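The values are calculated or read from the model by the stated rules, or taken from the named source; none is laboratory data. Everything quoted here is computed from the prediction, not taken from an experiment. In this analysis, Cβ positions are derived from the backbone assuming ideal geometry, glycine residues included, and neighbour counts consider all displayed protein chains. Note: areas computed on protein heavy atoms with side chains; ligands, DNA, RNA excluded. Shrake-Rupley method; radii C 1.70, N 1.55, O 1.52, S 1.80 Å.
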Amino acid sequence: MKTFRQVFAVALVCCSVSAIPALSQIEGETIATSTAHSVAAIQDTETPAQRDARMAWWREARFGMFIHWGLYSIPAGTWKGKQIPSIGEWIMNNASIPVADYKALASQFNPTDFNAHNIVALAKSAGMKYIVITAKHHDGFAMFASKADPFNIVDATPFHRDPIRELAEECRKQGVKLGFYYSQDQDWTAPGGAAYKTDHHDLPSHHWDPAQDGDFATYLHTKAIPQIKELLTNYADFPVVIWFDTPTADMTPALAGEIVALLNQHPNLIWNNRLGGGYKGDTETPEQYIPAQGFPGRDWEACMTMNDTWGYKSYDTNFKSTETLLRNLIDIASKGGNYLLNIGPDSKGNVPPPEVERLRQVGKWLAINGEAIYGTKPTLFGGEAGSFSATEKDAEGKPKFIPAWNWRSTTTADKIYIELFAWPGDSFTLPGVPRTVTGAYLLADNSHAALKVTKTGDGIAVALPSHPLDNIATVLVLTTK
Ligand code: H79
């Protein structure tokens, strides 16, 4: 058995970040003294076993639905007759829309087609285990009932309903978990909220309307923190996740610490690495890309769009194929991560049909092959994901990773799953397997008919039928001991 010291040493290496507090130990007890943080976060003080328990459902889930929905679904990418480039939820910033003009959109927001039951059922039919919805994006509009600020969907629109409450109720009924995205730092309609127009996240705020000017700490104390409190306390079992975004230098360690003190009161909560103030949170959040090798030792979640926008844009029809979406899910699972895949409902509350169609198709595959994804561990191999180019460099000047798309692998205690993208012919060979293989079959074959396995030195060859059972990914199961 490993000693407590050994276990903890591993945990520290895994998240070797400056934010981790100095630790001293007395016989199995951890005393955390925060050096970098004035307020120690739960991640700084819990034991590895407590962390595993807190993260268990999230690690099992592997697939979640991101929902970007707000006032930006009304202009839907067009302002004053001009199509505004880039992501739809940024239209206020990208078109430099004055605060009063943007706020006036609220009086037109009446998404009477919104149906929480159908959205949660859609997530379920896609095989998604959790939902994260924009409770407030950078535009500052709260999609929930808020006493802290009147610019919210209940008080400022003819709709007068709280979709977050309706989703929470449906998620409870249908057994889906619910988390809230909250833009804690950028807020383009609140005085003092941050705004930036470049990807240099630590430049000072860049306001385009004097109505945005003000003191950041005052914004935080009068709007963001009170609203985070509302979100943490008004929805019974939820949120299970708080998803922060785009921290700037305005979010000092001391200000972030005030938010952390609130989060600490919810000991099962999971929150991401985008709070700011030096806090690392629970999860790495690669956005719109899948890291070559995941984040070994860290929990991580790739968030991605199905087309090229998060918030609805009427003319963005550049949808990825079901094949790409499904292979992304498998690729991510094989590297130990979660896939948070976005939908962007329109201003009436309808989910765009191409998104519904793709989610249903992914769900059909998962209904048959889900055991190769949910709760699995990363690949035991690694080379199958691709390799680093000897000549090509990436944007940072490092060797470029060239992905390969022949197969991926996921793992459980007694099985190795091989998700075959390209059908290898009449036999699949592995030069080395770090376990003893006791049998093989195709997951989508109802009878689980045994496939012939031949030993080849340290590896195996598995005899396959002539055609795949699924054109996107056929799962070969190796039973192991
Ligand atoms: O909520 C979604 C995005 O709105 C948000 N994060 C995801 C989950 C996000 N905020 N910033 N970014 C993503 C990346 C920033 C891109 C920027 Fe730009 C480049 C900001 C300014 C230059 C994109 C291009 C937005 C405006 C122009």
Spot the failing condition for residue 369; the list is (1) in contact with a helix residue (DSSP H, G or I) (Cβ under 8 Å, 6 or more places away or on another chain); (2) open to solvent by less than 10 Å² (accessible area, probe 1.4 Å); (3) touching a residue at least 60 places away in the same chain (Cβ under 8 Å), and only one is missed.
(1)
State all residues of the range 242-261 that are within 14 Å of the ligand (Cβ to nearest atom) and open to solvent by less than 10 Å² (accessible area, probe 1.4 Å); if no residue qualifies, say none.
242, 243, 244
Test: residue 20 is part of a strand (DSSP E or B) and modelled with pLDDT under 50:
no
Under 8 Å between Cβ atoms, which residue pairs at least 6 apart in sequence (or on different chains) link something in the range 309-321 that is under 14 Å from residue 288 (Cα atoms) and touching a residue at least 12 places away in the same chain (Cβ under 8 Å) with a partner that is among the aromatic types (Phe, Trp, Tyr) and within 14 Å of the ligand (Cβ to nearest atom)?
310/66
Residue 27 is checked against (1) modelled with pLDDT under 95; (2) within 16 Å of the ligand (Cβ to nearest atom); (3) on the phi > 0 side of the Ramachandran plot and fails just one. What number does that condition carry?
(2)
Filter the range 307-318 down to residues that are buried (at least 23 other Cβ atoms within 10 Å of the Cβ) and more than 11 Å from the ligand (Cβ to nearest atom) and give me whichever is nearest to the chain's Cα centre (by Cα).
312
Pick from 284, 357: which is free of Cβ contacts under 8 Å to residues at least 60 places away in the same chain, within 16 Å of the ligand (Cβ to nearest atom) and surrounded by fewer than 22 Cβ atoms within 10 Å (Cβ to Cβ)?
284
Among the residues of the range 430-468, write down those that are at pLDDT 95 or above and acidic (Asp, Glu).
445
Out of 190, 195, 135, sole residue that is over 30 Å from residue 375 (Cβ atoms), of a type in the set (Gly, Ala, Ser), within 16 Å of the ligand (Cβ to nearest atom) and in contact with a Phe, Trp or Tyr (Cβ under 9 Å, 6 or more places away or on another chain):
195
Please enumerate the residues belonging to the range 451-469 that are more than 37 Å from the chain's Cα centre (by Cα) and open to solvent by 80 Å² or more (accessible area, probe 1.4 Å).
452, 455, 458, 466
Can you pull out the helices (runs of 4 or more DSSP H) entirely within the range 44-124 that have at least 2 residues that are within 16 Å of the ligand (Cβ to nearest atom)?
91-94
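List the strands (runs of 3 or more DSSP E) inside the range 288-394, counting only whole elements, that have at least 3 residues being under 17 Å from residue 59 (Cβ atoms).
299-304, 338-343
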Hey, among the residues in the range 400-416 that are open to solvent by 60 Å² or more (accessible area, probe 1.4 Å) and either among the hydroxyl-bearing types (Ser, Thr, Tyr) or free of Cβ contacts under 8 Å to residues at least 40 places away in the same chain (or both), which one's farthest from residue 328 (Cα to Cα)?
413
